[in-house]
Each structure stands twice: as structure tokens, then as C-alpha cells.
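Novice: One structure, as C-alpha cells, below. Some questions next.
The values are calculated or read from the model by the stated rules, or taken from the named source; none is laboratory data. None of these values were measured; they are calculated from a predicted model. Note: ideal-geometry Cβ built from the backbone for every residue, glycine included; neighbour counts use all protein chains shown.
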Amino acid sequence: MGKSFPVLGFDVGATKVAVCLGKSDGTIIGKGRVDNNDRHPDKVLPEMVALGKKLIAEAGMTNEDIVAIGIGSPAPHDIPNGLITTPTNMKKWVNVPIRDYLKDHFNIETYMENDANAGALAEWFFGAGKKARNMLYLTMSTGIGGGLILNGHLLQGKSFLAGEAGHICIDMGGPQCNCGMKGCYEAFCGGRAIANRLKKQLADQPASAIVKHAGGVDNIDMIAVEKAVRDGDDFACKLWDDMMKRNAQAIGLFINLLNPEMIVLGTLAWAAEDLFMPKLMEYLPDYCWAVQLADCKIIPSGLKRNIGEYAGLSVALNALFEQGRFQPWED
Ligand SMILES: [Zn+2]
């Protein structure tokens, strides 16, 4: 399969599903979104199929032209059986056989990966991680997820949970994490965890710069924190600094463990790049060896907010790559 060929991708998120028809060379042919937002999969799945079929028709193609479908979906799930099981932010999606549903409705071979792995594949094939042999991708958003490319292949792990970077414990006395453990990397640096902590901490401090930027304590998020840091607010700057030390601690651990040539960082690292990257590079030498650090290129996402469009496509392409039917970067 030397020539570029079309694949269809679905990136399932709690608020929306990104649907994208693209080519194996990274050309996007058509794209759209289906609203999710606490809706039932009985409503969402048929709309995903309808949009996928519309994109195929608009491109003057038929289902037979599409080589494979890829799905990126939030954990937890059952990858071998193609199920989304019980995602925390998608309460109505319980044991949904999404892979076979799409496969049956399109009559196209269909593959599934967790969303962080799908993001890692997207950066590897089309973004900042092109041609890397050893690469770690970290989502740095409401939660922290990871995807690992090792020796030129995605590492899935025995339970398809390899790369759960957000849930390594970095402090025995650390804060409670959503996952049940304490002191997880995500409990320190995940956007949701930080926001939840601040909502309690700043509940009686309406004059705080963070609360002002959020427009009320209940609306605190990382955007409000970032704005307060840019104001030079002491509390916010100290918070940011502590967060960046924790980021350096975790990322330093990954560097020593894996000796990757590249680490690609998601949302927060590109959305607030000037506040994020210099601090990270300042603190990293305290948390990993100099040789591995010098050999590791650490950069924000190349695909940025478009990563969802490439994620599903990349899941399909990686399945074909592992079967010897697709060679990335051949041109
Ligand atoms: Zn955890």
C-alpha cells in the first residue's frame, strides 16, 4: 500500500466527538463534530455514523474506498472487546460496544485505542514527534495521560494501560487522586485537581486574583490561574512554580526511566508555552541525569487544538502499520 489512502477517525471526548475523514499522508478531507455532553450513546452513536457517511459522500467516495476506521476513546475501556466501559465524565456510556457498532454500520475494519495513546500516535505520525524511535506524549489538560512510542512501536501493555503517566505516585503524603491513590502526578498537576483544590482554598477569598479572573470561585480553572500568573499575583505565581517543580519531578522520572529522544507535551504546554517551558527546563536538571536530558528534545504539541482530528485517523493507521500495510513518513 504505497499510495496515500483514506481512513476515517473518531475521537470520543466528554463534550464532543471529533469525526474526521483523512488520508494516510495527513491530508484532512473533511471533518465535523457530534455533541456528546452527557447525552446517551443511543443518540450519539447514530449521529457519529451519519456524520461519517456524510463526509464520505461529500468527498465523492463510498465506504469501500475507506481502508480502516480508528477510534480514540477515554479510559476505562476494554480494548480487546472494543468497549467503552465506565468513563468518569461520560456517565451514560456504560459497556458501549463502540468498535463493533461502527464496524457493522460502515462495514469497514475498525480499531480502538485510549485517547492518550491516540494523541501520541497523532503526534508521532503527523505532529512534533515525526520519525522518533522513542517518544513520550503527555496530555496536560484536565487530567494527565501518556502514550509511549518505544523502539518504533506504540507500547500497549498487558492490560492496554501502558503509559498511565498521570498515576505514578510522586509523593507518599500527597493529595488524594480521583483514581483512589494518593500523591499521583495528576493530583498535583492535573487541571481538574488543581481547580478543585483552589475552589476549597479560595472559597472565602473573593479578592483573590484567581477568583476575579474566573468570575467566581465556582468557575476557577487553569485559564484563570494562568491570567493571575501573568498579573504577577504572588499566590498564583507560587502555585505555578510549585506545579512546575512537580511537572519536572515526574517528567524527570520518565526521562531517566525511558531515555526517550523526545517528549511531546499537550494542552497547557502550548497554551501557556512561555510560562510553562522555561520553568520546566529550569527545574528538570534537579530530577534527571544530564546525559539523558541533553539527548531529549522536550517540546509542546505540534498539532495543538487539532490533535483530535488526527487522533482517530492515527489509531487506524497504527493498526495498519503494525500489520505491515502502512509505512509512515515514506515520502
Ligand atoms: Zn491517580
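Novice: Being surrounded by fewer than 19 Cβ atoms within 10 Å (Cβ to Cβ) and over 23 Å from ALA116 (Cβ atoms) is the requirement here; does ASP221 meet it?
Specialist: no
Novice: Going by the conditions given, is GLY13 of a type in the set (Gly, Ala, Ser), outside the structural domain of GLY145 (by TED's automatic domain parsing), at pLDDT below 95 and closer than 28 Å to LEU138 by Cα?
Specialist: In short, yes.
Novice: With the requirement that a residue be crowded, with 24+ Cβ neighbours inside 10 Å and over 10 Å from the mean Cα position of the chain (by Cα), what does segment 128-146 give you?
Specialist: GLY129, MET135, LEU136
Let's see how each residue does on (1) assigned to a helix (DSSP H, G or I); (2) in the same structural domain as CYS179 (by TED's automatic domain parsing); (3) touching a residue at least 40 places away in the same chain (Cβ under 8 Å):
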position	(1), (2), (3)
LYS92	no, no, yes
TYR101	yes, no, yes
GLY147	no, yes, no
GLN156	no, yes, yes
SER159	no, yes, no
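Novice: Follow-up question, since we're still on this one. Provide a single number: the residues in segment 62-101 that are out of contact with any Leu (no Cβ under 8 Å at 6 or more places or on another chain) and not acidic (Asp, Glu).
Specialist: The total comes to 22.
Novice: I need every pair where a residue in segment 245-257 that is within 13 Å of PHE188 (Cα to Cα) has its Cβ under 7 Å from the Cβ of a residue that is surrounded by fewer than 19 Cβ atoms within 10 Å (Cβ to Cβ) and acidic (Asp, Glu), sequence separation at least 6 or different chains.
Specialist: Qualifying pairs under 7 Å: ALA248/ASP286.
Novice: To continue, here is another question. Look through GLY216, GLY252, GLY183, GLY266 and report the one residue that is assigned by TED's automatic domain parsing to the domain that holds LEU293, within 16 Å of the ligand (Cβ to nearest atom) and not β-branched (Val, Ile, Thr).
Specialist: GLY183
Novice: Keeping to segment 33-60, report how many residues are touching a Lys or Arg at 6+ places or on another chain (Cβ under 8 Å) and either among the basic types (Lys, Arg) or surrounded by fewer than 18 Cβ atoms within 10 Å (Cβ to Cβ) (or both).
Specialist: 6
Novice: Turning to a different aspect of this structure: Looking at segment 166-277, what helices (runs of 4 or more DSSP H) fall wholly within it and have at least 3 residues that are over 30 Å from LYS131 (Cβ atoms)?
Specialist: 191-201, 209-214, 222-231, 234-258
Novice: Turning to a different aspect of this structure: Looking at segment 158-172 only, could you name the residues that are surrounded by fewer than 17 Cβ atoms within 10 Å (Cβ to Cβ) and under 15 Å from the mean Cα position of the chain (by Cα)?
Specialist: If the condition is that a residue be surrounded by fewer than 17 Cβ atoms within 10 Å (Cβ to Cβ) and under 15 Å from the mean Cα position of the chain (by Cα), then LEU161 is the only one that fits.
Novice: Shifting gears a bit: All but one of (1) without any contact (Cβ under 8 Å) to a residue 12 or more places away in the chain; (2) surrounded by fewer than 17 Cβ atoms within 10 Å (Cβ to Cβ) hold for ASN306; state the number of the condition that does not hold.
Specialist: (2) is the only condition that ASN306 fails.
Novice: Name the residue, out of ILE149, ILE168, ILE194, ILE144, that is within 16 Å of the ligand (Cβ to nearest atom), modelled with pLDDT of 95 or more and closer than 30 Å to LYS23 by Cα.
Specialist: Answer to the selection: ILE144.
Novice: Filter segment 309-331 down to the residues that are at pLDDT 95 or above and either surrounded by fewer than 18 Cβ atoms within 10 Å (Cβ to Cβ) or within 30 Å of ARG230 (Cα to Cα) (or both) and list them by number.
Specialist: The answer is GLU322, GLN323, GLY324, ARG325.
Novice: Separate question: In segment 51-78, how many residues are assigned to a strand (DSSP E or B) and more than 12 Å from VAL7 (Cα to Cα)?
Specialist: 4
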